Amino acid sequence: FDAGVLFWGITMLTTIIFTVMAISATRVSPETATLIQEGEREAALDGMAAAFGSVSGGWTKTVFLLLIGVIGWKQSFGLFDALSRGQADMTYYFAPKAQRWSMSRHYIFFVWFIILFGIGTLSYIGTEDGPGAILDILAFMSAGVMGAYCLLLLFVNNRLLPRKLRPGLISNIALGIGVLLYLGGTLWSWLVMGALP
């Protein structure tokens, strides 16, 4: 349920909204299309905001920038939330001494640890291209990691679980499709498109 709501309900919806907004902005401002194709993210966002502002006035530019900020915050915090909930749950149940703290205190600790670690990483371990280069590397690697994760789930679910607990055919097919899409997309991006981590 959680994955369905977060991925299909929220992440896909915001991705579709952002894509439609980007396509609309490129129709209003062809210069913005060139910036997007050249990978100039910051300039492209400014161009998209200006394109929306030119259609309906300055207030739409502000609304566009606020919407982009909310989309970015949601996607980042959604990942932080999911990771923190999992870590808090495992720490609380598998480390008996950790039960001195409540589950919510563990959750808050992990959320703030991840946020501060991310800020520190992007602020102090930058590259000559700035923190955006680190985010590009992480985006490229995430698909490969998800493909490997699907493979791991297929193995663990079908080899290590008792027969009564093993997933059915549909779940295994879905994981197999995940392997093909994630690892196939990673290899395609790397070998055919020339994207290197």
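The values are calculated or read from the model by the stated rules, or taken from the named source; none is laboratory data. Because the structure is predicted, anything quoted here is derived from the model rather than measured. Side chains included, ligands, DNA and RNA excluded: accessible areas come from the protein's heavy atoms. Shrake-Rupley method; radii C 1.70, N 1.55, O 1.52, S 1.80 Å.
Pairs of alpha-carbon atoms within less than 8 angstrom and 6+ residues apart define the contacts here; what relative contact order does the stretch 62-112 have, in percent?
Computed value for the stretch 62-112: 35 percent relative contact order.
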Leaving out ligands, DNA and RNA, what percent of the accessible area of the stretch 7-108 is carbon and sulfur, probe 1.4 Å? 68
